[in-house]
Amino acid sequence: MPTMPKLTNLEYYQMIQAVLLVIGLWKLMEKCGEKGYYALIPGYRYYKLGEIAGRERDGIACFVFEIARFLLRVAYPVIPDESSPEFFVALIILAVMLILVIYQIRVISGLCFTFNRRKWWIVVWLFFDWLMFMIWGFFKQFQPVNRGVDDDDNLLAGTKPFHVQYGSQDETADTGLQVQLKERTVNDFGKKRYLLKDIYFTIPVNSLVLLLGGSGSGKTTLVNAVIGYEKANAVIRLNGENVYENYDQMKYKIGFVPQQDLLRQTDTVYNTLHDAAKLRLPVQVSRRKSKERIQEVMDVLGLTAGKSGLVSKKSGGQKKRISIGMELISDPDLFILDEPDSGLDGVIARELFEKLHDIAHQGNVVITITHTPDRVADLFDKVIVLARDSGRVGRLAFYGSPDEARKFFGKDTMEQIVMAVNKKEEGGEGRADEFIAKYAELQAGQLTQAEPQETEITEDEQ
Amino acid sequence: MSSKLRYRGRIAQIGIYLGKLFRMFIYQNDWKVLPMAALIAGLVTFAVGNNIFKTQEGTLSGCFSLVCVCVWNGFFNSIQVVCRERPIIKREHRAGMHISSYLAAHMIYQMFLCVLQTAILIGVCRMANMQFPEKGLVTGNFTIDLAISLFLITYVSDILSLAISCLVHNTTTAMTVMPFMLIFQLIFSGGLIPLEGFAQKLTNLTITKWGLNNLCTLGDYNSQGMVTLWNTVWKFREMEIEGTKPIKLFTDEILRKNMLDQVLLDSGKYNTVADYTYAPATIYTCWRNMVIIMVIAAVVSVLLLKSVDKDRR
């Protein structure tokens, strides 16, 4: 008859610890509205703790490294004793365990925030994890009071968008930019996460458009989806051509100027633009035409005077103009700029936006993201307001003229509009869901009546 | 509907980036790698002395030092070149740049740097009166054989370093990874620290192993004398055994009969290494393996850099 192997005192102690840890975690999971039996699954339990703690990425890392550790420990006994591979595998196990502990500490740190407890609990967890989970699981004083409160700007996008009913969006525009974005999602360990949802608008040509929204509202994600760089479940048409279907051609008709001046500092202004022209202009464009175009762009942006100077020697405003010039070379139909005025003073910023206004009114669509819109608000023809809904998903809260926007939100300035849709934790009014629903209703009304419908703003909203 | 426009393809883009890189060579600090290479070569030749290509010990340590100089030069040439401008690459990729063209331009430019560094290294060795064997094993000219070998070691290290630069996202990480890579290359060269089993198999992945095999073969290591045995015996000359000094008698007899060179050569024969067999095939194997490492590193570089689009903003 087989006999049970005799356990040492240390093994008994470890076994009791493991049982207590599971019991404590079970209670803690239940306290946080999760299923208690998750505590029984090594790896996955830290993933769930990561979710509870608002540190999902760290939770995912814990899960991955726990699996890696498990696999390595399974493989370890198979390797011949005292061989070189055994030594290397032991080293890898050690490294994996160290990394795992770091990620677990991050999760526990987040858990301290969720339970509104001091960080020294991490030390308790480090030596007596079972004890900490027992206390946090069983004692009533320990409650997840900050569950769902964002402590981190990089928090993953939500899985449950705020529900809004939209009308049909099947019309096709032959000119301008038409955006019919159903959703932009990412797959995160089998979970569908929404970055953007239900964004529909059509911008006519000759428009300078302001893209407004708080941090994390999805402005850059929308821009990347519109230019086809990160494709979404959407139909994007630029002057009637489908951007996604003809991306190889369309990418040359779209200019995107990033927020940072991504330029090689040790090249001259002229050479920078010259190389940009070679890359962006079709081969059919002759050398003479190409040179003329470079000169034209330098003239428009006021770069001719210092064209032989190194980029590194130029001021912030000049670098910004070089960066814009690189994209302007190809005379794009759609021109998108991410905070082109960051680091520029009021006068230079105004000059820049006036130039962008002129570019837009030469038959183009120019979209800009800026955090200081009010100093140039009169130059914009349209405003797009994005907001992060209660499900942490980027949504369209408004699209229309600046005057209509002020009326819609009941605010005097663009910055006040951003504050209205920003979360309360960010100092905003936390009214994103309200305006998303209101705009969807307005849009649906417009579609059914085929005429613009003014929305009444109540006194409360004002 | 507009007619289809053609934009510059891969080959044309290589030209654009090559022009940019050569301009950078002048404007930026890239030219500084050349005096740096001369300085390092000078220090190493000074330390190696004149024993290289004369005795097995001198050849081994000298060749190892030359390999180290090449690996060092190669690593430093390109460890930061990609990661320092990753956001710019992302922007240009979005605007139609081909990653393969961008990296091909870098590889051609780095080849130019490595050729110059190899020429400097050989020039410095010559200036330091390092005695080269008269005959080359592959081309018949030792200097040309050595130049090809040193160039390959430098260039392969350079491309490996380029792959690391494509993998990491910033210069801080690159400079953290580089010492680790250097240590791996030096320890697992198999030349200085004897390795066995699994560790010995790992040496096949290093540039230093093939570089060292290459240079030791070129220098005809196996037909040289070994001085370690004689030097050790010499230290025991005064040792007395029952009132006599047998080791002193033995060494004096060898010197009296003018047999020292023969003894050194004979002791060298017992210390031959199969990997250093003096034959063109050995050199070709080393060159081939280094080229394989280079090709793999180049392909990996392109694959790694394709992920630049996924970089967080």
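Every number here is computed from the coordinates shown, using simple stated rules; none is lab data. Worth saying up front: this structure is predicted, and the values here are computed from it rather than measured. Backbone-built Cβ (ideal geometry, glycine too); neighbour counts: all protein chains shown.
Along its principal axes, what span do the Cα atoms of chain A show, with the longest given first and each in whole Å?
Between the extreme Cα coordinates on each principal axis of chain A lie 92, 62, 40 Å.
For chain A, what is the percent of antiparallel DSSP beta bridges, rounded to the nearest 5?
Numbers: 26 of 46 bridges.
The answer is about 55 percent antiparallel.
What is the packing order of peptides B:213-220, A:434-441, A:47-54, A:302-309, taking the mean over residues of other C-beta atoms within 10 Å and listing the highest first?
Highest-to-lowest ranking by the protection proxy: B:213-220, A:47-54, A:434-441, A:302-309.
Which one of A:Phe142, A:Phe70, A:Cys112 is farthest out on the positive end of the charge dipole of the stretch A:9-155, using unit charges on Cβ (Lys, Arg +1; Asp, Glu -1) and the Cα centre as origin?
So the residue furthest toward the plus end is A:Phe142.
Remind me, relative contact order of chain B in percent, using alpha carbon pairs under 8 angstrom and six or more residues apart?
Here the relative contact order equals 24 percent.
State the antiparallel share, in %, of DSSP beta bridges confined to the protein assembly as shown, rounding to the nearest 5.
Beta bridges within the protein assembly as shown, antiparallel portion: roughly 55 percent.
So what are the ³J(HN,Hα) numbers for the stretch A:280-293, from phi and the Karplus equation (6.51, -1.76, 1.60; θ = phi - 60°), rounded to whole Hz, Gly and Pro as x?
These are the phi-based 3J(HN,Hα) values: 9, 8, x, 5, 5, 6, 5, 4, 5, 4, 4, 5, 5, 5 Hz.
For the stretch B:157-284, just say rounded, prolate or oblate: build the C-alpha gyration tensor, square-root its eigenvalues into a ≥ b ≥ c, call rounded for a/c under 1.5, and beyond that prolate if a/b exceeds b/c, oblate if not.
Numbers: a/c = 3.83, a/b = 2.33, b/c = 1.64.
It is prolate, given that a/c is not under 1.5 and a/b is the larger ratio.
Using only the Cα atoms of chain B, what semi-axes does the equivalent ellipsoid have when each is the square root of 5 times a gyration tensor eigenvalue? Give whole Å, largest first.
Details: eigenvalues 456, 70, 56 Å².
The answer is 48, 19, 17 Å, longest axis first.
When you look at the Cβ of every residue in B:194-202, what mean number of other chain Cβ atoms sits within 10 Å?
2
Going by C-beta contacts inside 10 Å, put A:Trp120, B:Trp230, B:Trp72 in order with the fewest on the left. Before the final figure, lay out the partial values.
Working: A:Trp120 9, B:Trp230 15, B:Trp72 20.
Result, fewest neighbours first: A:Trp120, B:Trp230, B:Trp72.
Lys/Arg Cβ at +1, Asp/Glu Cβ at -1, dipole of the protein assembly as shown taken about the Cα centre: which of B:Cys286, B:Thr139, B:Ala163 is farthest positive-ward?
Projecting each Cα onto the dipole axis, the largest value belongs to B:Thr139.
How large is the charge dipole for the stretch B:206-313, taken about the Cα centre, if only the Cβ atoms of Lys, Arg (+1) and Asp, Glu (-1) carry charge, to the nearest 20 debye? Could you put the intermediate results ahead of the total?
Numbers: 13 positive and 11 negative charges, 129 e Å.
Its charge dipole is roughly 620 debye.
If you take the beta carbon distance between B:Asn50 and A:Ile105 as r and set R0 to 56 Å, what does 1/(1 + (r/R0)^6) give as a FRET efficiency, to the nearest 0.05? Walk me through the numbers before you get to the answer.
Details: r = 57 Å, r/R0 = 1.02.
Efficiency computed from Cβ-Cβ geometry: 0.45.
So for each of A:418-429, B:192-203 I average, over its residues, the number of other beta carbons within 10 Å; can you give me the resulting order with the highest mean first? Numbers along the way, then the final one.
Numbers: A:418-429: 17.4, B:192-203: 13.5.
Averaged packing, sorted descending, gives the order A:418-429, B:192-203.
For A:Ala75 and A:Leu126, what is the calculated FRET efficiency with R₀ set at 25 Å and r taken between the beta-carbons, to the nearest 0.05?
Details: r = 27 Å, r/R0 = 1.09.
E between A:Ala75 and A:Leu126, to the nearest 0.05, is 0.35.
7 Å from Cα along Cα→Cβ at both A:Tyr12 and B:Asp266: what's the point-to-point distance in nm?
Each label point is offset 7 Å from its Cα along the Cβ direction, giving 7.2 nm.
Mind checking Rg over Rh on the stretch A:9-155, alpha carbons, Kirkwood formula for Rh? Intermediate results must be reported in sequence, preceding the final value.
Working: Rg = 16.4 Å, Rh = 16.1 Å.
Expressed as Rg/Rh, it is 1.02.
Near A:Ile135, within a Cβ-to-Cβ distance under 13 Å, what is the net charge of the other residues, with Lys and Arg +1 and Asp and Glu -1?
Surrounding charge for A:Ile135 is +3.
Report relative contact order for the stretch B:227-270 in percent, whole number only (criteria: Cα-Cα under 8 Å, sequence separation at least 6).
33 percent
Tell me, what ³J(HN,Hα) does each residue in the stretch B:211-225 have, in order and in whole Hz, if you take phi through Karplus 6.51 cos²θ - 1.76 cosθ + 1.60 with θ = phi - 60° and put x for Gly and Pro?
Values, residue by residue: x, 5, 4, 4, 5, 5, 5, 4, x, 6, 3, 5, 9, 9, x Hz.
Taking R0 as 60 Å, what's the FRET efficiency between B:Asn141 and A:Leu98 from their Cβ-Cβ distance, rounded to 0.05?
That pair, B:Asn141 with A:Leu98, gives E of 0.70.
Taking every Cα atom in the protein assembly as shown, find the radius of gyration and the maximum pairwise distance Dmax, and write them in Å.
My reading of the Cα-based Rg and Dmax gives 34.3, 123 Å.
Using the Cα centre as the reference, give the magnitude of the dipole from point charges on the C-beta atoms of the stretch A:342-393 (Lys, Arg: +1; Asp, Glu: -1; all else neutral), rounded to the nearest 20 debye.
260 debye
How long is the gain from B:Thr171 to B:Phe22 if the chain were fully straight, where each residue apart is worth 0.36 nm and the alpha carbon distance is subtracted?
51.5 nm
Take peptide A:273-279, look around each residue's Cβ out to 10 angstrom, count Cβ atoms belonging to other protein chains, and average those counts.
Averaged over the peptide's residues, the number is 5.
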